[in-house]
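The values are calculated or read from the model by the stated rules, or taken from the named source; none is laboratory data. As the structure is a computational prediction, the values presented were derived from the model and not from experiment. Heads up, the Cβs are rebuilt from the backbone with ideal geometry, glycines too, and the neighbour counts pull from every protein chain shown. Only protein heavy atoms, including side chains, enter the accessible area calculation; ligands, DNA and RNA are left aside. Shrake-Rupley method; radii C 1.70, N 1.55, O 1.52, S 1.80 Å.
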Amino acid sequence: HRAGRLPGRQDWSSWPHYQAAKAGFRGYWYPVCFSSQVREKPRQVTLLGERLFVIRDKGKVFGMKDRCPHRGVPLSYGNKQFPGTVSCVYHGWTFDLETGDLKAAITDGPRSPICGKVTQPTYDVEERLGMVWVYVGDGEPPHPIDEQLPEELVSNPAVIGARIQPREGNWRFACENGFDEGHAKYLHRTALWRLFKPMPVWNTTRIVKRGRWIYRVQQEQFWEADFPGLGRWSGTAWYKLKPPKETKNIGNTSTHREVNPTIAAQEFPGFASVSMPGVLRIAYPTFIHYEFYVPVDQDNHLYVGVLADFKQGLKTLPFYAKYLGAVRWLFHGQFSGQDKWMVEVTDAPPEKLYRPDDSLLQWRKLAEDVTEERLDRLREQGYEPADATA
Ligand code: FES
C-alpha cells in the first residue's frame, strides 16, 4: 500500500468503532463546499465513500444520491427540466428534489406506470458559515446542525475566513495530526507562523474532557532542555523570541496579548481541543482556528480550515486585511502545508506510541465512547445501523 493509505490490517483493535471508521463516522453533518459553489446545476460530492450531488432550487440546497436507479448513470449529469426536480440525462426520469419521488419518466409519457413506484434517496442539507453541510446517517432524523457546531460559533457574531482543500490521506491521520501534542513543537519549528507563537521544547500535558470536547492542558513548560550526551536544544533559538510574559490567559496558556472577550468568556481548559466527528479547535488570543477533517473516502479527505474573529461591523475590516494579507499565507498556507505532508506519508498501524501520544489515545477513546452511545440509542429507537461506519 501507499504511505498515507490504510492497510487492511487490524491493529487498532482496542477501538473497534474507530478502527472500522475508515471512511468516516455516520450520524454527523459535514461541510462539503462553499455555498457560492452550489448553483442551479448539480454539483458532485463524495462523502464517507457515498456519491451524491447537491443542487440549488429557489435558493434552497438539496442533496440526492448520485446514481439513477434506472440504469445507474450519474444523476448529476442531468439538469432541472421542471422546477423543484432533476431529470436524468439518459432517459429523462425526473425526481422531486425534496422527497426523491419519481414524478415523471419523460420518455414513457405523462402516465408512465413506473411513477410513484420509485424513490431516490435524499440527504439533509444545511448552510452555515458560508458552506454547505450534508448529513450522513442511517435513516434517523438528523440532530440539529447547531447542536454539532462549536457552541461559541453558533451563539456569537463572528467574521469567518475559510479554506477548503481536497487532500490525500485518511481523515483519521489528519485529525490525529491536528491534536497531536508533539508535532506542534517540532515539525512546525520552521514555520513562519511560529514568529507569532513561541512554543516550549516540551511540556507535560493532561487531557481534560468538558462537554463534547477533550482539551490538551499544558502543565509544566520547558523552553530549553539539555539532552544527555547530545547537547542543548532551545525552542526559541532560530527566531530569538523570548517566551511570552505572563499577563493574560487563553486556555491554560499565558500570552502577552489582550484576549478577545468572547474567547475569554469560554474559559477553555486548554487552547487545543477536539470533538467528533473530527473537529479541531485552536483558541488564540484574538481569534479561533478550526479544522474540520471531512472523510471523502478511505484515502482522501477535505481539509476545511476556518478562522473566526468574534467582531462586528467596521471592526471586522482589519480582520479581512490581516487574513487576506498574511494569515492565509502563513497559517493556512505554509504551516498547514507541513501538516498536509505528514498526513500523506503517515503509515500506521502498526505504531509505537510515546508519552505525548496520550492526546491521540484520548481522542480515539472519545470517538469510541460517543459512537457506542449513538449505536445503543439508534437500536433503542428501532433503527438498524449497519455499522458505526460507512
Ligand atoms: Fe437514468 Fe435511464 S439511466 S433515466
Query raised in the report: Only one of 44, 81 is within 16 Å of the ligand (Cβ to nearest atom), assigned to a strand (DSSP E or B), open to solvent by 30 Å² or more (accessible area, probe 1.4 Å) and without any contact (Cβ under 8 Å) to a residue 60 or more places away in the chain; which?
Result: 44
Report task. Would you mind listing the strands (runs of 3 or more DSSP E) fully within region 218-337 where at least 3 residues are of a type in the set (Phe, Trp, Tyr) and either at pLDDT 90 or above or crowded, with 16+ Cβ neighbours inside 10 Å (or both)? Result -> 288-297
Requested in this report: Within region 176-189, identify whether any single residue is crowded, with 19+ Cβ neighbours inside 10 Å, over 30 Å from residue 315 (Cβ atoms) and aliphatic (A, V, I, L, M), and answer yes or no.
Outcome: no
**Report entry** When residues of region 84-116 are limited to those that are of a type in the set (Ser, Thr, Tyr) and open to solvent by 50 Å² or more (accessible area, probe 1.4 Å), the one nearest to the ligand (Cβ to nearest atom)
**Finding:** 90
Query raised in the report: Inside region 156-173, can you point out the residues that are closer than 20 Å to residue 315 by Cα and either of a type in the set (Val, Ile, Thr) or not assigned by TED's automatic domain parsing to the domain that holds residue 340 (or both)?
Result: 159, 160
**Report entry** Residues that are open to solvent by 60 Å² or more (accessible area, probe 1.4 Å) and assigned to a loop (DSSP other than H, G, I, E, B), drawn from region 338-381
**Finding:** 347, 350, 351, 352, 353, 354, 381
Requested in this report: Considering only region 62-74, state which residues are near the ligand (Cβ under 7 Å from one of its atoms) and buried (at least 16 other Cβ atoms within 10 Å of the Cβ).
Outcome: 68, 70, 73
Requested in this report: Go through region 47-61 and give me each residue that's within 15 Å of the ligand (Cβ to nearest atom) and open to solvent by 80 Å² or more (accessible area, probe 1.4 Å).
Outcome: 51
Query - Flag for residue 124 being farther than 29 Å from residue 146 by Cα, assigned by TED's automatic domain parsing to the domain that holds residue 39, open to solvent by 70 Å² or more (accessible area, probe 1.4 Å) and of a type in the set (Asp, Glu) - result: no
Requested in this report: Tell me, yes or no, whether region 190-197 has at least one residue that is surrounded by 15 or more Cβ atoms within 10 Å (Cβ to Cβ) and either part of a strand (DSSP E or B) or touching a strand residue (DSSP E or B) at 6+ places or on another chain (Cβ under 8 Å) (or both).
Outcome: no
